[in-house]
Structures are given as structure tokens and as C-alpha cells.
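This report concerns only the one structure given below.
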Amino acid sequence: MMRLPAFAFHAPASAAEAVGAKAAAPPGAMYVAGGTDLYPNMKRRHQEPEALVSLHRVAELKGIEERADGGLSIGATTSLTEVRIHPSVRASYPALAEACRLISTPILQNMGTLGGNLLLDTRCNYYDQNYDWRKSIEFCMKKDGAICWVAPSSPRCWAVQSADSVPLLVAMGAEVDLLGPGGERRVSVSALYRDDGILYLAKQRDELLTRVHLPAPNGWRAVYRKVRRRGAFDFPVLGVGAWARFAPDGTVEDARVVLGGVGSAPEAVAGAAEPLIGGRLDDDAIHAAAQASWKAGRPLDNTDFTISWRKEMIRPTVVRALGDLRDAR
Amino acid sequence: MAKPDSPSPGGSATTQGLRVVGRSLPKVDAVAKVTGRTRFADDLFLPRMLHCKLLRATTPHAEIRSIDVRAAAEMPGVAAILVGSDLPIPYGILPVSQDEHTLCLDKVRFIGDPVAAVAAIDEETAERACRAIVVEYAELDPVASIEDALDADDPRIHLYGDGHNVHKAVAMEFGDVDAALAEADLVLEDTFFYEGNTHLPMEQHAALADWRPDGKLTLWSSTQTPHYVHRALARVLELPASRIRVIATPNGGGFGGKSDPFNHEIAVAALSRRTGRPVKICLTREEVFYCHRGRHPVLMWVKTGFRRDGSMTGMHFRSFLDGGAYGSYGVASTYYTGALQTVTYPVPAYRFEGLRAFTNKPPCGPKRGHGTPQPRFALEVQIDKAAERLGLDPARMRLDHLVPPHSVTANYIRVGSMGLGACIEKVVAASGWDARRGQLPPGRGIGLACGSYLSGAGLPIYWNAMPHSGVQLKLDRSGGVTVFCGSTDIGQGSDSILAYIVAEVLGVDPFEIDVVTADTSLTPVDLGSYSSRVTLMTGNAALQAAERARELIVGALAEKWKIPAVRIALADGWALDVEDPERSLSFAEAVVVAEAKHGTIGTVGSYTPPPSPGRYKGAGVGPSPAYSYSAAVVEVTVDAETGETKVEEVWIAHDIGRAINPVVAIGQVEGSVYMGLGEALMEEMTYRGNRNVVHRHPSLLEYKSPTTHEMCPVHTFLVEDPDPNGPFGAKEVGQGPLLPIPPAVVNAIHDAVGVRIDEVPVTPQKVLSALKRKAKGEEAREGPKGTPAFAWPEPVRVPPPEAGGDGRAVDDPRHIGAGGVRGSVPGGSVPGGVPA
Amino acid sequence: MQPGLVQLTLSVNGETRVVTAPLHHTLLEVLREELGLTGTKHGCELGECGTCTVLVDGQPVLSCLEIPAALEGREITTIEGMESAVGLHPLQQAFAELGAAQCGYCTPGFLLVGKSLLEERPAPTRAEIVDALGGNLCRCTGYLKIYEAVELAAARMRDGHAEAPREALYGEA
């Protein structure tokens, strides 16, 4: 049996108490919600926190509420299953329901939370391994070692952003609330990530992600497409979040294409919007946006499949995602 | 139970009037399995039990300079630590490859090779102690591939074998292959590659040892071969086998992966002896990958001559096996890559050359189909290519050229019942083959392939004249029947088969029978659950024991009732006079009569396969009492933009001889199809040759085992062509149905998008690159480019039966054959050829 | 709670159980090692196979990734809690009849997910069954007999009298 390392376990009843408990705990302490990312990592000795601050008793972090502006506010510890089946999510944010459906397995969706998915540790073939395996390659930069085996001459870690909800939420322009010892702040989901496999979050150490805010569903649509080996379990080797806001006549007013699973942070494709804006998602525009995405995405040897195939998949997957966006009326 | 309506007397081994055999019944252990009552090895807990962890090598190839266990030994809770020198006697499943040590003695040969074993009060303490052991290594260059192994500049992994890092090299020729190829209308020369993959049983291997102060040892283990574990324990621990009891717990899946004696089994036994306390180990999933013994990666080169009508003139087949770090079953695996090419379609002249290389990876061994899915893939894809070139329908071409039943092949395989023609006809009709092949929309296609497999190896691993399987039967005056047999239920239903067969013969309810299996102290030897031998061999042994018991009962009743014995029937829990059914006794009353006459009622049965006609060196691998046959049609869709293949539907027909229990047989067929699809599309056991030959992904997440989403509907047809050697005519079903799946997938992809993928797994990137080549007008193929150069030994030349051969090699009936360097072989060689 | 032994009150299969276990031991470990409920199996201990599935408040979760201290007050159901005094659950019966349990090692996980599915959807389509069981790996069956068993059990739970289709038991003709 693979055993967890020992830890102290705090179970505060409120978000404020949780932040307090975390700040009072030793420096390596961590929040835990569903545990589906953290506990495997702990068993593999990626993280060995002396203390865990569990959020399971914090009722205010759970649940989905309509916001005054017509948007939706989702508590960070709402399970992926709850998000996936929620009537408002299904009706107004079907792409988010779909992204949650595509995460791992139905059982993991019962356990994993939306907040946990947003904060998912970056992944890598050389990192997501047991301690002895990692020792066999003298470890890697992300944990216990000095080299990034994905790019041995690189000074940085190239572990890959692998959460399905992230490219979609970035594309949608969603925001999150972060509660820290000094108070609460709201940032865009896109501002939550840094392009580094190790320091991949722009969140302060003790900050607690409390809520995810979805913009009101007025005039825009979004879709998510995922590439992976199997229909369950697997993390994305490519995720495409696509979003467009339409004028009443169907003309694209603005658009975003965001790639997941190719870099340490979600990759918002800079050149994707331009060919799409002002048109009606015709084939030429879609292909131009896909071409821009193909140029932007630079997968490395950090997931399943070969680098070259993953790179090649960007074009057809973006084409299909934008086709879904056109057809999703 | 009600009295039977129309019992038939005598002749219980015929197929007339069967009341149990042929019915789809639950397995006798089904209730235990659906309620969580089945006790797997890790479910066992004994008082004072210690827990074991193994320290494993983190370098692929190195000499051990020193091991310092002092700090670990002083940790509170640590009871004992063993290192290699504590258990210096080597072992291995084959007598010719006794090349493993419980803990590495002087060098480590792959990442995961165990170097020390700790017993402690709990797993966490044992694990901490392992971390405190300091091993100093002198690193050697790792041998990462077959090419590396053939490079004499690399260090040797073992100092025995048929060459530098060549474990085994074999060559044999049946008839004049060059002449046969010269007279062909079409000669195809292809190279294929079948990537290695692993069994991945859901249960991680576990073992519990209990040494008693009276000098006796009991080992419970999730093993498919308690008999061979028994032998290995006696050898390594230097104990009389009579003091050792091995109990195989129900296996949570095996597929061949629990068929070797394993280091962890011996380690816990030795630790139990050292500490005087029970010691248990349960491997982590990563460690299960390091046990491996799975499918060999095999590179193949095939040159076959065809006539215009699709018949073959001759075949020259070469295989290169990447064997990993130890021998395991590898010598047999090597021969198996060449043995069964001849049993489906006549190959009048046949030359086989095969080699197995040592590399610094976990050892390969027997996985479902042992050594035969790889050459079957090559053969069935090449036939598809030949049919295309000859303008023949691939199904028709096969149907027109089938090995006749009850015949002997060029390499002296004796084929018995042969239902492949019926299998092909079933799947062709059901899949709509004639109307759909070549006529589906672009991106959609169907492909056909066939296969055949053994119903048990004809020779035992340790060559001897004793039975391969034994059954004891005990009947008591309460009417209770207990079957004792050494066989191991790995989920395939072998315990149930024993009950059904005994129930059939004695006319009792199979669920009233107690089955005691896989316990070397309580049950007679059965060699183990491998080579699809169990139903045929234990079934025949059970049949014999049951018929002997039946004779005792019927004889006693005949005397009591003063009627001829042939008038007495046993059925549905009754014994009765068929001419005067009012004259009857319950089964229990009948046993009382028999016991009063004969004393305690106990009978035995045993089974030894018939001798094989082959008399040449190497003839020991391939012979079987009976061969199963399968044909499959697979329908796929291929996404030409991504290269992704989805299997939509499978039609499969399997000639099982006779289904003792059809629903259990169908389960084996479906499971084989599933595993074949995994091997065809995604499963691979691969390593990073440039990163210390580390396993790429020893986890259930990254080793891609198909989920519910990858499994398609399967239409199963059981073809029953009874074989005279099988109990009630039964042949195997556990492995054969896997064989046609990978080639049928590849043939279907060709039908869908016109590209040839000459290797598995068929990943999307392979399909996409082949499609790109096709678009550029280049060869629309993805696959290996060639094979390494190797100086093959002179072949053993054996004239085939049609040329008047008698099964012996020319020149010398005991011709040694294999060339190259023949180092000192621990354990010695085996008379009569190489064991299966 | 500080590292080390803790006393927990868990509700398992309808019974209140007080256990003393190391705080960092998972529900899987506590069920098997402290409560003797070895019907819950393990295949990877990392959330990658579904073998160790149990129900918490009726929902399937992986016991290898649950900390018991977070489950006080929740209702835990293991395979041992699936049968009742009157006999097997219809799913257990159907699994037995159709050979849906071969080696039986993944079976408890499949049965519990199946139970949760049928409580939510008494007449699931084949596609819904495939989706619901997507988080459980089986290496023996190819899943097909499991689907058929779930369908058979669902039919029996609806009207009590269904039988397995002939081709499921005897193959196609």
C-alpha cells in the first residue's frame, strides 16, 4: 500500500478560520478540498505538508448562486459533479458542464472540486512518478532535483497546465475571489497563472480561492474540446477553450481561443481573434484562427503522445471547437 | 431436487443427455466474489504479522559494491533485513534459465530489481528502513534495445546464453524453403513490430508467509503456479518440499503475470523463517510493472510465397525478442514465436529463426497467448496484403486453404478438431462482410483475421513422465462430494469447471460440490494456470476420477438391486434403475450403499497429454492435445485529420470444441477481445533508453488500459467442433480469441483509409504519418524499416511429413542446433527438447 | 488534530464504528486494516483505477483518497453493506448469473457504482451505464457482461421478473 506521509489536520468551519489556520500553520501547510490532486502527490512525496487545512466543513465555499448581474458564482469546493449537473450551469454555461464531464472520471468528479481543478498542480512525465522512479533519473527540477528533463538545457521547469476547466474559464473571462490574511481580492482566472512549471500560480501562499464568478450569459457562447488517449481518466494533452461574443445579427464582435495542456500556463492565442472578428465564423476565418493557434502552441515531452502529434492536433481541434461555437445556437 | 425426467444410463463422457455441461450456470465462487467474501492474498491477516518492503535498484545496470543496512537495522520496529548473500541460490521458472536471485547478489539488471528486503511491524516502518539502506553501485552501461544487445561493446548482462547478450538463438527448417519461395507466384517480404505490453491484473501481487517453530512453512500467494513456487521455495530455502505448503489464493487477475516464482514470495518466506513471525508483502502498482513477465516486444521479418489461388508455398519467418533482464519463460517464448504459424493455413515448407536478447528492463514472459500474438499479427496482416495483391477476398482466401482436421503440419504439430472454417463463415455472414468490405464510406472499414492457440502445452516445464494434472475425489455418506485439485482459479472459472464435470458424471448439483484447489498439501499437483491447459487437463483428470467414483456407486447398487450396472443412471441427485424408475435412491443413500460395500469412497484421476510426433530439438514447444481456432471481423472508423481509430464493433467466432459453460466461455472471449483491442490501439510497456532505461509510465493512469469508453459491442459465436482429446470435447477459450484482434484492427484500418500499419499499438500519430505519406504518393505504410544483422546458427533441418520425415532432424536425432556461444547454463539442459 | 493516532466515529454500513487509527491513514486502509472490511480492494492507491470505490452518502468515491477524519457524520457503504438479510442485491445476483465477476477483484467497485447509478436512474441506457462505469477499470471482462448485468438488475428492480437475453448466456447463433 502506498501510504500518505503523516500530517496535522485542521478542519475549520469558515473561510476566515481556514485562512487563519493556514497562516498559523507551518510554512508547508496546504489547503485540501477534494484531495484528488493533493493526496496522490503526497503519496508520491511531491508534497509533504506538515499540516493540512481541510475545507470540508466550510459551508460557505460550497454551492452555486445566481449573481445580481445575471452571472453565476460557484463556491470553490463545489464538486465537479455538482457543477456538471446544476440546472443553471447546464442551461447557461453548457461548456463548463461539458468541461467538468471530461475531467478524469465520474467518481473523481464526485470528489474533486472546481477550485481544486483551477489550482491543479502542473503535470509532467518526469514528475508524476513515485519517489523511487524519480530517484532513478536523479529527480527533476520541480521536486528534489536540478534539471528539467523535458528541456535539459532550460533554466526553468516545463511542467504543463492540465486542468480542463482552465482554458475554458480563461476564454470566458471568468474571475475568482482570493481570500488572504489581508482581505479578499478578485482577479481574472487568466491572472491566476504564471508561465512556470513550479511557481505556476500567481496566488499568495496563504490565499484561499473561495469563489469562481462566471460572467452573465449575454450574447456570447463558449465551448471546450479535449484531446486525450481514453474517454476517461486521462488528463488533456490538449484542451481548447473557445469563446465568442456575437452581435444580434450573428457577427462576431470579439473572440478568444485558449489552449490548455501545451504550456505551464493556459495559452491565450493572441492572433486567433483577429480573423474571427467581424465575420460569422466562416471556414476561412476558422482556419486562420486555427493556424494562429498552431503557431502559438508549443507542446513539449511532458504528457502522453508525441510532441509532434500534439502540435498537429491543435489545428483540427481548434477548427472543431470553433465549428462547435458556430453550430451551438 | 425432483427426480430426473429422462435420465440416460452410462456413457457419461458422451455428449448425449448432458444435464450440467453446456448450461450457462453461475460460477461456484460467484457469490463469494459479488459479496466481497473472496479472500485475496492481501486480505489475509495473521496475529503477530510483520510487513515486508523491498528496496529496489534505481539504476538499470550496475555492480553492487556494498550494501550498508546498519542504520536501517537499528530503527525501532525493524525485525529483519535480508540482502542477496542471505539467499545465494538462483532460481527461475525454466530449468535452462535459473538466472534470478531473490535479492540481487552481485549486480542489478534493471530499475526495480530488488536488492534488500525488510520486515517490520508495519509497512511505513519497513519503507523508512528501506530508505535508510545505503547501496553503493558501480554503474555499467545499460543495454536498452535489441540493437544494443547485439553490440559486443556493451557489457554482458548474464554470462550464459547463445551469444553476447543473446539469451537464445534458434533456427529450424522444415522442407526446402528457398525452393518453395522460388516456385511462388507472389513473394511478399514484410517487417512487423509488436510492442511489449503487460498483464495489468487489477490485483497487485501479494504473499504471506508463516514459518512455524516446528520447521514448516506455509505461503499464501497470488500465484498462477503454486507448484512451481513450491519448487522454487524448496530450492532457494534449501528445505524439503514436504515441509513447505503453498496455497494459491484466488488471483485478482493473472493473464500470465503471476506464473513465475517471484522474488517477493521467497523474500517473505525467508523473512518469516528469520523472524519466526508471519510476514506479508503487497506490491505497489509500480512494483507490479517491475515484476512484468509480459508480452515481449517482437520485431519480425516474414517472407512468404503465395500461389495465385492464395495458397502458400513456403514461409521464412524471423523474430527478434526484447527479453528484458532475466530468462523467465523466454526460451519457450522464443520458440512460440515460430511454433504456431503452421496450424491455420498449410505452410508446406517453413524456416524459423528466432532470438531473444537480454536488455536492462523488467523481464518479459508469458502474457495471454504467450509468444503467439506477435507472429499471428504478422501472418494475418501479410495474408491481407497478399489477398489484395492477388485480387482475392481475404476471407475466401483463408477458407480455401485451411489446415485439414486430424493432420500433422510441416513442423510436426498434430492438429485435432479444426473449426476455423465454420468460424470464418460465422463472422463473414454476421458482419455483412461480402457487401461491406471495400464498400464502406471513406474513413470506415472492416478487417478480418484468424488465430489458433494451444489447449495446454504438451510437455511440462520439468520434463518427466508424470501426469500434468491430478484430481482426487472424496464422497462421504452424507452425499457430500469434494474435489481436490492443484489448479488455480485466476478468474477464468477453473474451480467451477471441476464442479460441473464431476456433477455431470455423478448426477448431482454442481453447487452441492465442494472444490478445494491450489494447495500443495491438500491437493494433487496441477502444473498451473498457464498455456490454457486447465479445462482440458484438469477436466480430463476430474472426468476420470468422477467416472471411477461412479463405477463404485453403480457397482454397489447393481449388486444390491441385482440388475446389470448399465441399467443404473445417476442424475439430478438420484440413482435409479432406468427400466424401473420406481427403484431409486437419493445420491446420499447411494453413497451409503457404496461405502458399505467398498469402505471410504475416494477416487483419483490424472491426465498426461499424448506424445507429440516431433522428435527434433525444439519440438517441445507447440504441441498440445488440442488447438482452438478463432476468426474475427472488426469494424473501425478512422479520423483522417487526427489519425484516431475507433473500433465500432467486433464479430468473433471461436471454436471451443465444446463449451462446458457457455456464459463463462463468452466472458473469456469478450475479455480476450478487450485485451486484444488494448494491445492493438494503446497499451505499451516502453522505456526511456536515453534516461537510464527508466519505465516510461509505471502507473494505471499512464499505462493505457482501455476504459468502458474504448470497448465496443462484441458479437460472440461459440463454434463447437468437439476434440477427441478434450473433456466432453472441450478446447481452450481463455487466450486464443485475443489473437485475431490486433491484425483484424490493422486490416480494417487499411480498408478504411488505405494505409498499412505494420506495428501495434496503432497510435494516431502512426496512422497520421502513413496518411501523409500516402498523400505524397509515397508508400502508404508505417512500421519498422528493417531488422538488425545477426549471424543465425545453421538451422536444425527436419524433413516434413509430406517429404517422408519421421519427426527427427537430419544428421542427428539429438542435434543441438542452436549456434553462437553456448555458455554455462545453470540448471542444465532438458532432455527431449525445450519445455513449454 | 495532530499527527498520530486519532479516535474517529464512523458510520459504516449502517453501524456506528469507533476506530483508533493513524490520522494519515486513508479510508481504504482503515476499512481494511482496522475494521476488517477487506471487501474493499485496491489497485493503485492513487485514484487511477476505481477499484477501491465505496459510497459516501450514496455517492461513489475512492477510498484511497479519502481521509476518515473528514467523513465523521457521513454514511459509508462498502460491498459488505450491499447484501441484506433477505439475500443478494439484484445487482449482485445479476453479476453472478452473467459471469460479470471473473476474477472478482474490481467487482466491489463496479457493484457500488452500479448501485448508485440505479438509485439515480432506474432504467439507464447503455450509454449512461458506459459513462457511469467509466471510472472503474476491469481487465477480465471487457465490461460487456457488467453492462448486461446492470441492465438485468435494473429490469428486475423495476418489474421483478426479467431474465438475461439468450445471446448473453449462450452467444449469437
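Every number in this text was worked out from the coordinates using simple rules, so none of it is lab data. Note that the structure is a prediction, hence the values are computed from the model and not measured. Using ideal geometry, Cβ is built from the backbone for each residue, glycine included, and neighbour counts are taken over all protein chains shown.
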| task | As a check on your grasp of the helix formula, calculate [θ] at 222 nm for the protein assembly as shown: sum -39500 (n - 2.57) over DSSP H runs of n ≥ 4, divide by the residue count, round to the nearest 500. | result | -8000 deg cm²/dmol
| Among the listed pairs B:Lys367/B:Lys704; B:Lys474/B:Lys560; B:Lys33/B:Lys367; A:Lys311/B:Lys766, which are separated by more than 19 Å between their Cα atoms? | B:Lys474/B:Lys560; B:Lys33/B:Lys367
| note | Which of C:Val54, C:Val130, C:Val12 fluctuates most in a GNM of chain C (C-alpha springs under 10 Å)? That residue is C:Val130
| request: Take every residue in peptide B:637-648, count the Cβ atoms of other chains within 10 Å of its Cβ, and give the average of those counts. | output: 2
| request: For the range A:19-91 and the range B:602-640, compute the distance between their C-alpha centroids and round to whole Å. | output: 55 Å
| message | Show me the ranking of peptides B:448-455, B:390-397 by mean Cβ neighbours inside 10 Å, starting with the highest. | response | B:448-455, B:390-397
| Dipole of the range B:747-805 (Lys/Arg Cβ +1, Asp/Glu Cβ -1, origin at the Cα centre): which of B:Thr763, B:Gly805, B:Pro788 lies farthest to the positive side? | B:Thr763
| query | When Cβ neighbours within 10 Å are restricted to other protein chains, what is their mean count per residue of peptide A:5-12? | reply | 5
| remark: Mean Cβ-within-10 Å packing, highest first, puts peptides B:265-274, A:315-324, A:34-43 in the order B:265-274, A:34-43, A:315-324
| field | Fraction of beta bridges assigned by DSSP in the protein assembly as shown that are antiparallel (%, nearest 5) | value | 80 percent
| task | State, to one decimal in nm², a quarter of the convex hull surface area for the C-alpha atoms of the range B:598-690, i.e. the direction-averaged projected area. | result | 14.0 nm²
| task | Can you tell me which of B:349-356, B:591-598, A:150-157, B:750-757 comes out highest on packing, and rank the rest after it, using the mean Cβ neighbours within 10 Å? | result | B:349-356, B:750-757, B:591-598, A:150-157
| task | First check a/c for the range B:499-628, with a ≥ b ≥ c the square roots of the eigenvalues of its C-alpha gyration tensor; if it is under 1.5, answer rounded, and if not, answer prolate when a/b is larger than b/c or oblate otherwise. | result | prolate
| request: Compute the convex hull volume of the Cα atoms of chain B, divide it by the residue count, and report the result per residue in Å³ as a whole number. | output: 163 Å³
| remark: Dipole check, the protein assembly as shown, charges on Cβ (K,R +1; D,E -1), about Cα centroid: among B:Val636, B:Ser455, A:Pro106 the Cα furthest to the positive pole belongs to B:Ser455
| query | Which of B:Val246, C:Leu27, B:His370 sits farthest toward the positive end of the charge dipole of the protein assembly as shown, with +1 on the Cβ of Lys and Arg and -1 on the Cβ of Asp and Glu? | reply | B:Val246
| query | Hey, could you pull the Cα Rg and Dmax for chain A, both in Å? | reply | 19.6, 60
| query | Whole number please: convex hull volume per residue of the Cα set in the range B:584-625, in Å³? | reply | 143 Å³
| task | List the DSSP H helices in chain C whose Cα atoms stretch 27 Å or more along the helix axis and whose mean Kyte-Doolittle hydropathy is at least 1.0. | result | none
| query | Given charges of +1 on the Cβ of Lys and Arg and -1 on the Cβ of Asp and Glu, with all other atoms neutral, how large is the dipole of the range B:630-729 about its Cα centre, in debye to the nearest 20? | reply | 540 debye
| note | hull vol. (C-alpha, convex hull) per residue for chain C, Å³ -> 114 Å³
| field | Cα centre as origin, Lys/Arg/Asp/Glu Cβ charges: the protein assembly as shown dipole, Debye | value | 1100 debye
| field | 10 Å Cβ neighbours from other chains, averaged over peptide C:162-171 | value | 5
| request: Quote the Stokes-Einstein diffusion coefficient, in whole µm² s⁻¹, for the range B:678-751, based on the Kirkwood radius over alpha carbon pairs, a temperature of 10 °C and a viscosity of 1.306 mPa s. | output: 100 µm²/s
| said: From the alpha carbon gyration tensor of the range A:63-138, can you work out the equivalent ellipsoid semi-axes (sqrt of 5 times each eigenvalue) and give them in Å, largest to smallest? | reply: 33, 12, 10
| task | Quick one: order B:Glu238, C:Glu80 by neighbouring beta-carbon count within 10 Å, fewest to most. | result | B:Glu238, C:Glu80
| note | Averaged over all viewing directions, the convex hull of the alpha carbons in the range B:1-160 casts a projected area in nm² of 18.2 nm²
| note | Projected convex hull area of the protein assembly as shown, Cα atoms, direction-averaged, in nm², equals 50.2 nm²
